[in-house]
Structures are given as C-alpha cells and as structure tokens.
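See structure below.
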Amino acid sequence: MITQAIIPLAGLGTRMLPLTKAVPKELWPMGSKSILEIILDECFDIGIKNIILVISSEKETIKELFKFKKKINNKIKNKADIFARVKKLEKYGKKIKFVYQNKPKGLGDAVLTCKNLINKSHFLLLLPDDIIVKKNCSKELLHIHKKRKCSVIALRNVKKKQVSRYGIVGFEKKIRMKISKMVEKPSIKKSLSNSAIIGRYILSKKIFKFLSSQNKGSLGEVQITDAINAMIKVEKVFGCKFKGKYLDCGTIDGYIKSFKYYNSI
Ligand code: UTP
C-alpha cells in the first residue's frame, strides 16, 4: 500500500528565469489551476494520505496556497465554485508536510531530505515539470507496483534525436519491461533504447541507502539516476509506458505549448 508521496520543489528553475525569481514555476497557472494543484490532485485521487513538499527558503510563498485566510474566505463565501476550490486546498494542506533543502544539491539530495519521514516500504515521487493528462499516471504505476511488488518508473518513447535530453533506460532481455540500467542524457550512440524517464516513480525505501552513499556527480549534485542504477543490482525495477498525454512544463516553450493544450481539452 502506497500512502506517501514526495514532490521536490526546491530547484532554482533556471530555464524559466527571470519569472521564476518572483513566482515558483510550480505555482504558474495551467488553466484555472496551478501546476502544483494538478500534481496534488493526481496524488490524492489515488488515495495518497501524506505528501512531503521539498521547498527552500526562497519558495516559502508555496505555503500560502494552503493557508486558511479568514478575510479571503469571508469575501468569497457566496461564490460556491471558488470557495470550494479554496477549501479543497486548505484540506490538502492538512495532509502536507514541508521540508527544506536550502542548497539545491540535486534531485537526489532533495529526496534524501525526506529520509526520516518515509515509513512504508515504497513511496511515490512526482516531478512537477511533467504533467500527464487524460489518464492518472500515478495510478498506472500503482497498478504495476501491486502486481510486481517492486519499484516502477514512468517511461515514454522519444525520437532517437531527442535521447540526449532525457534519462534513458535499458531493459533485461528475458523479462518484459524490467529495467537493467539507466543512463542520464546519453548520446544517440550510447543510448540504451528510446525509452525516456518521465517524472513519476514508485521507489523502494532502500533508495535512501544508495542516495546516502552516493558520490556527488560532476556538478556536485546528488543524482537520483545514479542511486536507482545502484539499487537495480539488488532490487527489481520495472518500467511503465503510461497511456496519458505528457506535457513538458520545465521550459518556457514547453510551458506555453502545455498551457494551450491543457485549455483545449
Ligand atoms: P530540474 O532538473 O528541472 O531543475 O529539477 P529545476 O531547478 O527545477 O529547473 P532548471 O533545470 O534549473 O530550469 C527537477 C525537479 O527537482 C526539483 C525541482 O524543483 C524540480 O521539481 N529539485 C531539483 C529540487 O527539489 N532540488 C534540487 O536541488 C534540484
């Protein structure tokens, strides 16, 4: 049973500067919701009970979304739709814990800050740069996790010329969708396949052991890919080719395209 999710939000968002200096990209709108609200809906829709948001002191503003604000609530009491949305987020807030990663030492390091809060064998990890619509991607991962009792990673086929933008996985020959290796942003020549990692994972708690003992990468960052690669040697990890539509929200171009698409469905 997966009841906990981690959502790392402590990155600097350099690809979307200068706007991200003032407004964290996770609070940017996607239709009438924020990107973060869409990701939270995905979690709570599958029965997640507690969510850990990893933030930094520069991103305190994220907390405001969940606070009870009497003055505002009094003003919107008669506007049923908006009131319900505000109340929903207040309710979500009660199930959210904030932890701090004040130096952006990589995604792996952000996940590691949650080590002492994870109390079940597996947890869900969602990266808000990736929105998946039309079908709940976390639900698809959960389905495979229940069947295989192991870690599961969301995958999407990309064009050969795009592999160098993603983490790419290789598969074991004999067992369908069982991942044997992962490579971060490989050249076309060194790519193991055209299956790219998208920001949804169900991970075994054992990942913390590998994150703790990991040498920092070339940029001084702790990479989740390296830790999963080490874990694959002792734990099964399966891929999930999800059926929903992927929207990239990590770059300005991607965000604009995603916004247009989201509003058209
Ligand atoms: P990205 O690699 O997209 O980095 O992180 P970023 O800082 O968000 O954006 P760019 O690349 O500078 O434009 C993927 C996810 O991991 C989180 C980010 O907030 C994002 O949700 N992250 C990244 C952390 O929480 N801490 C980090 O040190 C790095």
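May I ask you to verify whether Val163 is open to solvent by less than 20 Å² (accessible area, probe 1.4 Å), over 15 Å from Cys43 (Cβ atoms) and in a helix (DSSP H, G or I)? Yes.
If you take the residues in segment 21-34 that are more than 10 Å from the ligand (Cβ to nearest atom) and assigned to a helix (DSSP H, G or I), which one is nearest to the chain's Cα centre (by Cα)? This residue is Leu27. Inside segment 59-78, can you point out the residues that are in contact (Cβ under 8 Å) with a residue 12 or more places away in the chain and open to solvent by 70 Å² or more (accessible area, probe 1.4 Å)? Selection gives Lys67, Phe68, Ile72. A Cβ distance below 9 Å, combined with a sequence gap of six or more or placement on separate chains, defines the contacts here; from segment 248-259, residues that are more than 13 Å from Asp130 (Cβ to Cβ) reach residues that are of a type in the set (D, E, K, R) and in a strand (DSSP E or B) in the pairs Lys257/Asp248. Here Ile2, Ile55, Ile51 are screened, and the one residue that is aliphatic (A, V, I, L, M), within 11 Å of the ligand (Cβ to nearest atom) and surrounded by 20 or more Cβ atoms within 10 Å (Cβ to Cβ) is Ile55.
Just for segment 206-216: of the residues that are surrounded by fewer than 15 Cβ atoms within 10 Å (Cβ to Cβ) and more than 15 Å from the ligand (Cβ to nearest atom), which one is modelled with the highest pLDDT? Out of the qualifying residues, it is Ser212. Residue count for segment 139-160 satisfying the condition of being surrounded by fewer than 23 Cβ atoms within 10 Å (Cβ to Cβ), under 25 Å from Phe259 (Cα atoms) and not acidic (Asp, Glu): 5.
Has segment 13-20 got at least one residue that is within 11 Å of the ligand (Cβ to nearest atom), free of Cβ contacts under 8 Å to residues at least 60 places away in the same chain, open to solvent by 80 Å² or more (accessible area, probe 1.4 Å) and not in a loop (DSSP other than H, G, I, E, B)? Yes, there is a match, as at least one residue in segment 13-20 is within 11 Å of the ligand (Cβ to nearest atom), free of Cβ contacts under 8 Å to residues at least 60 places away in the same chain, open to solvent by 80 Å² or more (accessible area, probe 1.4 Å) and not in a loop (DSSP other than H, G, I, E, B). Residues in segment 217-265 that are touching a helix residue (DSSP H, G or I) at 6+ places or on another chain (Cβ under 6 Å), open to solvent by 30 Å² or more (accessible area, probe 1.4 Å) and closer than 17 Å to Lys181 by Cβ: Gln223, Ala230.
Taken over segment 168-181, the criterion of being farther than 13 Å from Lys236 by Cα and touching a residue at least 40 places away in the same chain (Cβ under 8 Å) is satisfied by Val169 alone. Among the candidates Val169, Val183, the residue that is in contact with a Lys or Arg (Cβ under 8 Å, 6 or more places away or on another chain) and open to solvent by 10 Å² or more (accessible area, probe 1.4 Å) is uniquely Val183. Restricting segment 79-138 to residues that are assigned to a loop (DSSP other than H, G, I, E, B), at negative phi and open to solvent by less than 20 Å² (accessible area, probe 1.4 Å), the residue that is farthest from the ligand (Cβ to nearest atom) is Ile118.
The values are calculated or read from the model by the stated rules, or taken from the named source; none is laboratory data. The structure displayed is predicted, hence computed values, not measured ones. Note that we place each Cβ from the backbone using ideal geometry, even for glycine, and neighbour counts take in every protein chain shown. These area figures cover heavy atoms from the full protein model, side chains too; ligands, DNA and RNA do not enter into them. Shrake-Rupley method; radii C 1.70, N 1.55, O 1.52, S 1.80 Å.
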